[in-house]
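Participant: Please see the structure below; I have some questions.
Every number in this text was worked out from the coordinates using simple rules, so none of it is lab data. Being a predicted model, the structure only gives us computed values, none of them experimental. Reconstructed Cβ throughout: ideal geometry from the backbone, glycine too, with neighbour counts over all protein chains shown.
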Amino acid sequence: MSSTTVVAAYPPPPGVTPNFVHPKSNGSQIIIAGILLPVLMFPFLGARLYAKYSLLKKMRHDDYMIILAVPFTLGFCIMQMLQTRNGSGNHIWDLPLSKFATYFFWGSIFGSLTYGLGTLFIKTSILLFYLRLPSTRAFRIVTCGVLLVACGYCLFGTFTWLFMCRPMKAYWDVSVQGKCLSFKNAFLVGGVFNVATDVVMLLLPIWVLRPLRLPRKQKIGVTLVLMTGSFVCIVSAIRLTKILPSASVNPDFTWTGSQGYVWCIIEMNIGIICACLPSLKTIAKHHYPGTFNDDPVFSTADPQIPQQQSVEWPSTFPTQDSGQPRSDSSVHLTTLSTNASMTTDDYGKDIIMSTSVATEPLQMPHKAILADKNVPMDVP
């Protein structure tokens, strides 16, 4: 079939002749990203499953969420690579009208479902992991709120793209008359919500780390690992800047939009990688014990924290009275109550998060100073 008998999906610019046989295309970048990113992602996913299933022998809700995210992520990658056969990456005037309908059909139906649900499960997995960290009630409330917002906008965005036009067929069939929502506004609203939730998810771990009594070097290391999600924020912002032009003034969206699809592939796969990073420490601690110091962030696995447990303390302490050393080396105290906020790590080891002791002297007022500097507290 000659190019003169084929109708282009869009009129070419002045002086440009449509090329339906060997069109210029940048679709190769979609294929490279669709292959390379899953190859990079799978080792991290395998490490997480190995740590949870083989070493700890305990799978949690956030693990199942990340497993559910994988088929949708792979489906999106495969779909975008196959879309290069339907004209993705070509100039729109080099795309036959017959392929244009196929391109839009798969992009609107399969693309919306795989990206929307894949992103939903990735964010849910990360936020469920946050809920297992040792934290305050306020932190848990905020995290649950972010989780509800993320789930809501992911589902709303998915169904918005599925039913962008009325009738639905008008989305991919130009011969059908119908009314459609603004593509630019849909991309803008969805992109802003996506970036906003990523930023909040990036800042939430700081809330947990701030009150912990960790060595400075250890706290910095934990912060850097938890904040690797900052790369996801950057990717989300870049994706938004790449997609918006193709959804607004530029009619050649099959060419310009391919860069946005590449960044979608990067965003989803990097999101899974970031969600799997904390499991690497479990593997390192198992195979190289003593390499890492214990910390109450990555090791925490019990969602029911803090819980109150009784702790026995020594009945005598070195003392001072009114700022002056006493002649006796100790003073006897009567312990009224002891409380400790405890949690357990993935190996069943108890971790004391905070302690409090209420006592009264048997003989005279005093100030008790604990000899162990790692358990600071005030005793009246």
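Participant: For Val199 and Phe183, compute 0.36 nm times the residue count separating them, minus their Cα-Cα distance, and round to one decimal in nm.
Facilitator: Working: separation 16, 0.36 × 16 = 5.76 nm, distance 2.43 nm.
Once the chain is fully extended between Val199 and Phe183, it gains 3.3 nm.
Participant: Right, another one. So what is the orientation-averaged projected area of region 83-219, using the convex hull of its C-alpha atoms, in nm²?
Facilitator: Working: hull surface 43.9 nm².
Mean projected area of the Cα convex hull: 11.0 nm².
Participant: Right, next: Extension gain Phe156-Leu55, at 0.36 nm per residue separation less the Cα-Cα distance, in nm? Working shown, then result.
Facilitator: Values: separation 101, 0.36 × 101 = 36.36 nm, distance 3.82 nm.
Full extension from Phe156 to Leu55 adds 32.5 nm.
Participant: When the chain is fully extended, how far beyond the present Cα-Cα distance does Ile78 get from Leu277, taking 0.36 nm per residue of separation? Present the calculation step by step, with values, prior to reporting the outcome.
Facilitator: On the way: separation 199, 0.36 × 199 = 71.64 nm, distance 2.47 nm.
Here the answer is 69.2 nm.
Participant: Also, I was wondering about something else. State the Cα centre-to-centre distance between region 40-82 and region 132-202 in whole Å.
Facilitator: With region 40-82 and region 132-202 each reduced to a Cα centre, they are spaced 23 Å.
Participant: Okay, moving on. Within 14 Å, Cβ to Cβ, of Arg239, how many net charges do the neighbouring residues add up to if Lys/Arg are +1 and Asp/Glu are -1? Don't skip to the end; give the middle numbers.
Facilitator: Details: positive: Lys242; negative: Asp198, Glu267.
Every neighbour counted, the sum reads -1.
Participant: How would you rank 59-69, 142-152, highest first, on the average number of other Cβ atoms within 10 Å across their residues? Write down the numbers at each step before the final one.
Facilitator: Numbers: 59-69: 18.2, 142-152: 16.3.
So the peptides 59-69, 142-152, ranked by packing, come out 59-69, 142-152.
Participant: Which of the residue pairs Lys58/Lys285; Lys57/Lys281; Lys123/Lys285 have a Cα-Cα distance greater than 20 Å in the structure shown?
Facilitator: In this structure, Lys123/Lys285 exceed 20 Å between Cα atoms.
Participant: Could you sort 260-269, 42-51 so that the peptide with the highest average Cβ count within 10 Å comes first and the rest follow in order? Don't skip to the end; give the middle numbers.
Facilitator: Numbers: 260-269: 24.9, 42-51: 17.3.
Top of the packing list down: 260-269, 42-51.
Participant: Moving to a separate point now. Would you please name the chymotrypsin sites (Phe, Trp or Tyr not before Pro) within region 92-169 that are DSSP coil residues with at most 16 other C-beta atoms within 10 Å of their C-beta?
Facilitator: Phe163
Participant: Now a separate question. For a protection proxy built on the mean count of beta-carbon atoms within 10 angstrom, sort 233-239, 200-206 highest first, please.
Facilitator: 233-239, 200-206
Participant: What FRET efficiency would be calculated for the residue pair Val192, His287, taking the C-beta separation as r and a Förster radius of 45 Å, to the nearest 0.05? Write down the numbers at each step before the final one.
Facilitator: Values: r = 43 Å, r/R0 = 0.96.
Efficiency at R0 = 45 Å is approximately 0.55.
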